[in-house]
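Visitor: Encoded as structure tokens, here's the structure I'll be asking about.
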Amino acid sequence: MKVANGYEYVAVLEGIAPKKYAMEGDPIGLQIGDLARKVRKIMFTLDVLENVVDEAIEKGVDMIIAHHPLLFRPLKKIDFATPQGRIVKKLIKHDIIVYAAHTNLDIADGGVNDVISELLGLVDTEIIVPTYTEKYSKIVVYTPDFAEESIRLALVNNGAGQFSDRYSECTFSVEGTGHFLPNAEANPTIGNPGDLETVREIRIEAIFPRSKMDQIVKAVKLSHPYEVPAIDIYPIENVATEMGLGRIGNLPKTIDLTAFIGFVKEKISVDNVRVIGDLDRPVRKVGIIGGDGNKFIHDVKRAGADVYITGDIYYHTGHDLLAIDLPTIDAGHYIEKVMKASLLKQFEEASQLHGYEVDLIVSERNTNPFTFY
């Protein structure tokens with residue numbers, strides 16, 4: 001087991017919610033601290049408030065991974081007499097790293113909106129607002145037959161071979177004959193320097209998102225038995241993945257809005273919601289944008305949603321929703337708390353895969369500013 005540093009856990013987070021997915025101007029990433037330090041305990045939280053920082057200190061946390069950035073607005077000064085100044089002081093004094101994944105975690109596969117969709121049992125989900133297009137390439141690797149499986153695993157374990165959201169580990173192999181002549185300085189796995197060698201080889205192909213090229217090529221080289229492996233990369237023009245904000249999908253069966261409200265409260269663990277629209281309206285197609293969804297109401301309507309789930313709806317936006325006839329459940333911004341358990345699970349899997357020794361916990365502090373009576 002290995003005690004990893006902050007950079008290594010940022011790499012894990014990047015694998016889940018790459019920074020490139022974030023909306024322009026979103027202040028994600030390192031907020032406070034030294035990523036070079038060793039991290040033995042990580043805490044996941046929605047917000048970085050003073051009670052959360054106090055909890056981190058009490059529990060000996062080395063790194064906080066938050067959804068909402070602590071430094072959302074630039075600081076002009078750090079005054080220890082202010083609430084934010086006290087937070088900064090405590091974090092620095094106790095050497096706690098704070099790192100934020102905000103809109104990139106909203107947009108990412110398996111991120112906030114996907115988790116809410118899964119909790120509600122939605123099927124055939126699609127994005128609502130496209131924000132990023134991931135292009136693909138194809139990798140071709142030539143390997144002696146005895147190393148075929150190790151190369152195939154190096155590909156699929158590092159992001160190659162994913163074809164749509166329904167098929168994974170997709171590769172193609174064909175047998176052929178390789179010829180090579182090692183010179184006097186070579187150290188061939190098969191054959192001898194100065195002798196022309198003929199080898200039964202396997203050509204293995206797989207597509208992959210271009211953003212993972214370096215990771216995949218590195219993994220193949222580490223797994224390949226040859227001193228200088230033959231690796232080809234080709235651009236693929238007919239395969240791309242769209243990423244974006246929000247999710248829209250279908251319930252298994254149609255129910256009325258009143259029944260759906262109770263279902264939402266139960267599944268997302270909220271006591272109260274605000275509702276706009278006819279309570280007798282039948283609901284099947286559900287649009288979701290976690291957080292503040294005011295500016296996206298027309299996108300959700302165009303997507304064909306029967307009901308919209310979001311938070312922070314303004315008074316006049318409520319009138320607009322009535323005007324465009326889009327029933328809406330304002331479940332509050334705090335529903336994004338679902339990211340804590342989701343990230344915990346994904347980090348547990350990654351830590352086990354990499355052999356990292358770390359204690360992973362979720363914050364138990366309630367950071368919802370609203371109390372309902």
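The values are calculated or read from the model by the stated rules, or taken from the named source; none is laboratory data. Quantities reported herein were computed from a predicted structural model and do not represent experimental measurements. Backbone-built Cβ (ideal geometry, glycine too); neighbour counts: all protein chains shown. When the accessible area is computed, the model is the full protein with side chains, heavy atoms only, and any ligands, DNA or RNA have been set aside. Shrake-Rupley method; radii C 1.70, N 1.55, O 1.52, S 1.80 Å.
To keep it simple, each residue is scored yes or no on (1) closer than 30 Å to Asn238 by Cα; (2) surrounded by fewer than 10 Cβ atoms within 10 Å (Cβ to Cβ).
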residue	(1), (2)
Glu149	yes, no
Ala154	yes, no
Thr171	yes, no
His179	no, yes
Pro182	no, no
Ala186	no, no
Thr189	no, no
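Visitor: Could you please find all residues in segment 242-269 being within 19 Å of the chain's Cα centre (by Cα) and open to solvent by 40 Å² or more (accessible area, probe 1.4 Å)?
Guide: Glu242
Visitor: Which ones in segment 146-185 are closer than 22 Å to Ala219 by Cα and hydrophobic (A, V, I, L, M, F, W, C)?
Guide: Phe146, Ala147, Ile151, Leu153, Ala154, Leu155, Val156, Ala160, Phe163, Cys170, Phe172, Val174
Visitor: Is there a residue in segment 224-239 that is in contact with an Asp or Glu (Cβ under 8 Å, 6 or more places away or on another chain) and either in contact (Cβ under 8 Å) with a residue 24 or more places away in the chain or under 30 Å from Arg200 (Cα atoms) (or both)? It would help to see each step written out before you state the result.
Guide: Our first condition is that a residue be in contact with an Asp or Glu (Cβ under 8 Å, 6 or more places away or on another chain); within segment 224-239, this holds for none.
No: zero hits.
Visitor: Go through segment 135-168 and give me each residue that's touching a strand residue (DSSP E or B) at 6+ places or on another chain (Cβ under 9 Å) and in a strand (DSSP E or B).
Guide: Lys135, Tyr136, Ser137, Lys138, Ile139, Val140, Val141, Tyr142, Thr143, Pro144, Phe163
Visitor: A further question on this structure: Test Tyr132 against the criterion of being within 27 Å of Ala341 (Cα to Cα), open to solvent by 50 Å² or more (accessible area, probe 1.4 Å), assigned to a strand (DSSP E or B) and touching a strand residue (DSSP E or B) at 6+ places or on another chain (Cβ under 9 Å), and give yes or no.
Guide: Answer is yes for this residue.
Visitor: Continuing with the same structure: Considering each of Leu344, Leu322, Leu360, Leu353 in turn, give the residue that is open to solvent by 80 Å² or more (accessible area, probe 1.4 Å), outside any loop (DSSP other than H, G, I, E, B) and in contact (Cβ under 8 Å) with a residue 24 or more places away in the chain.
Guide: The match here is Leu322.
Visitor: Taking Phe296, is it farther than 27 Å from Asp54 by Cβ, part of a helix (DSSP H, G or I) and of a type in the set (A, V, I, L, M, F, W, C)?
Guide: Judged against the criteria, Phe296 is a match.
Visitor: Which residue is farthest from the chain's Cα centre (by Cα), if the candidates are limited to segment 284-322 and must be over 20 Å from Gly111 (Cα atoms) and aromatic (Phe, Trp, Tyr)?
Guide: Tyr315
Visitor: Do you know which of the residues in segment 107-129 that are open to solvent by less than 10 Å² (accessible area, probe 1.4 Å) and of a type outside the set (Gly, Ala, Ser) is farthest from Ile32 (Cα to Cα)?
Guide: Of segment 107-129, the ones open to solvent by less than 10 Å² (accessible area, probe 1.4 Å) are 107-108, 111-113, 116-117, 120.
Remaining after also requiring of a type outside the set (Gly, Ala, Ser): 107, 112-113, 116, 120.
Values: Ile107: 24, Val112: 23, Asn113: 27, Ile116: 29, Leu120: 35 Å.
Of everything passing the filter in segment 107-129, Leu120 is farthest from Ile32 (Cα to Cα).
Visitor: Next question, about the same structure. So in segment 15-48, with the set limited to residues that are among the charged types (D, E, K, R) and crowded, with 17+ Cβ neighbours inside 10 Å, which one is farthest from the chain's Cα centre (by Cα)?
Guide: Filtering first and then ranking leaves Asp47.
Visitor: Inside segment 191-217, can you point out the residues that are farther than 13 Å from Ile233 by Cα and without any contact (Cβ under 8 Å) to a residue 12 or more places away in the chain?
Guide: Gly191, Asn192, Pro193, listed by residue number.
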